[in-house]
Amino acid sequence: MQTLSVELGDRSYPIHIGAGLLDRADLMLPHLAQKRVAVVTNTTVAPLYLQRLTQTLTAAGVAVHPIVLPDGEACKNWETLNLIFDALLTWRAERKTTLIALGGGVIGDMTGFAAACYQRGVPFIQIPTTLLSQVDSSVGGKTGINHPLGKNMIGAFYQPKAVLADTDTLKTLPPRELSAGLAEVIKYGLIRDADFLAWLEANMDRLRSLDALAIAHAIYRSCEIKAQVVGEDEREGGIRAILNLGHTFGHAIETGMGYGTWLHGEAVGAGMALAAETSRRLGWLSAGDVARARALIRAAGLPDAAPELGLETWLDYMGHDKKVESGKLRFVLLKRLGEAVITGEVPRDVLAGVLAAPR
Ligand code: NAD
Ligand code: GLY
């Protein structure tokens, strides 16, 4: 097992990465204020891992209340969130009761938001079970739900007490979901680490076949970069926005196509290709750089081209981005491979050219 830390003063917390962590009550007990937890999961993950986690906790004397939600990005909404509150109130969960998120990013984001709101804030632990959630969504404290008009528009910054990424859980993940997680892994190379990017180019086959050493390295390096950025700028006053490379385009794809049609990671993959092309048109990347980025996105099993939405629809959905300031769109682009830049200066004709380019 490897452990690193998100440094946020008295709200700092560990990220544990390794095989078999669902059996490790010793990693959870120090973070429980009370020997009572509600495990929030969904109908897909519950049959796979709920019993094992419940056994681990009950053997350590912890009372476990399972909350099993419907699965899917389309369920990341008020109605499903309310099911968590209904269950917590019915079970008489208290302020010291810990919520445990067992699942992918949808479960993690909703459970974190529920934890932020229930009785004005209860502790929570992330046990991410998708690659995407292990490298990204479980770390950094962004929690929330979607609105029909915009992705992740309702939420809170609320940090977990600990993150346990059990790499064994990836063995049951469908290949399409593994690829979606690789999008965020590639993102870290593109925004902050050209050496890691080169390593990903050389090791993509190992990652896609779940080679244990390669997967552990990719998760560790991704979490390390994310933890650094979050430690520098927890509430996204500035630099944290670089973690959104490809997301302005990607969120527009997700909202425009209907939540769940494109996976979040697929939309981010295509979005990163559009961000690279925009960076080329602004004179920062070469055609060779863009080809390299697109080849890596494709090698991960992701789309490197976006669907046709129409310029006005693109602009409308991108206009709901959380990076918009005074009504002006801001983009995360690349100065070079391995270095991101945040800019509001993308001329409309450049954007129109990128969005209209042949796919
Ligand atoms: P997801 O949570 O929908 O999980 C993908 C699918 O895999 C689901 O059907 C899920 O039930 C299933 N699943 C989960 N673990 C499994 C396992 N071990 N074996 C088999 N199936 C399993 O999607 P995701 O890609 O994990 O997360 C995407 C969500 O994360 C989006 O809503 C996105 O907005 C959010 N996100 C949040 C942040 C953040 O910082 N909070 C960052 C990135 C993405
Ligand atoms: N996924 C973007 C962030 O956590 O800031």
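The values are calculated or read from the model by the stated rules, or taken from the named source; none is laboratory data. None of the values given here were measured: they were computed from a predicted structure. FYI the Cβ positions are ideal-geometry reconstructions off the backbone, even for glycines, and counts take in every protein chain you see.
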Pick from the stretch 230-240 the residues that are surrounded by fewer than 23 Cβ atoms within 10 Å (Cβ to Cβ) and of a type outside the set (D, E, K, R): which of them is nearest to residue 9 (Cα to Cα)? 231
So residue 81 passes all but one of these: (1) within 16 Å of ligand 1 (Cβ to nearest atom); (2) more than 12 Å from residue 118 (Cβ to Cβ); (3) of a type outside the set (Gly, Ala, Ser); (4) surrounded by 14 or more Cβ atoms within 10 Å (Cβ to Cβ). Which condition number does it fail? (2)
Cβ pairs under 6 Å, 6+ apart, first in the stretch 151-164 and of a type in the set (Val, Ile, Thr), second at pLDDT below 95 and assigned to a strand (DSSP E or B): 154/147
List the residue pairs whose Cβ atoms are under 9 Å apart, where the first residue sits in the stretch 125-138 and is near ligand 2 (Cβ under 10 Å from one of its atoms), the second is among the hydroxyl-bearing types (Ser, Thr, Tyr) and not in a helix (DSSP H, G or I), and the two are 6 or more positions apart or on different chains. 137/130
Those residues of the stretch 218-239 which are assigned to a helix (DSSP H, G or I) and over 24 Å from residue 73 (Cα atoms) amount to 218, 220, 221, 224, 225, 227, 228, 229, 230, 231, 232, 239
Which of the residues belonging to the stretch 158-178 are within 14 Å of the chain's Cα centre (by Cα) and within 10 Å of ligand 1 (Cβ to nearest atom)? 177, 178
Every residue in the stretch 156-173 that is away from ligand 2 (no atom under 11 Å from the Cβ) and either assigned to a strand (DSSP E or B) or of a type in the set (A, V, I, L, M, F, W, C) (or both), please. 156, 162, 163, 164, 165, 166, 170, 173
Please verify whether the stretch 241-251 includes one or more residues that are closer than 25 Å to residue 319 by Cα, surrounded by fewer than 23 Cβ atoms within 10 Å (Cβ to Cβ) and not charged (D, E, K, R). yes
Positions within the stretch 137-155 being near ligand 1 (Cβ under 9 Å from one of its atoms) and outside any strand (DSSP E or B), in sequence order: 137, 138, 139, 140, 141
For the stretch 54-65, does any single residue satisfy the condition of being more than 22 Å from residue 26 (Cβ to Cβ) and either in contact with a Pro (Cβ under 9 Å, 6 or more places away or on another chain) or hydrophobic (A, V, I, L, M, F, W, C) (or both)? no
Residue in the stretch 253-271 that is surrounded by the fewest Cβ atoms within 10 Å (Cβ to Cβ), counting only those that are in a helix (DSSP H, G or I) and away from ligand 1 (no atom under 13 Å from the Cβ): 257
Take residue 283 and decide whether it is farther than 25 Å from residue 175 by Cβ, within 16 Å of ligand 2 (Cβ to nearest atom) and not in a helix (DSSP H, G or I). no
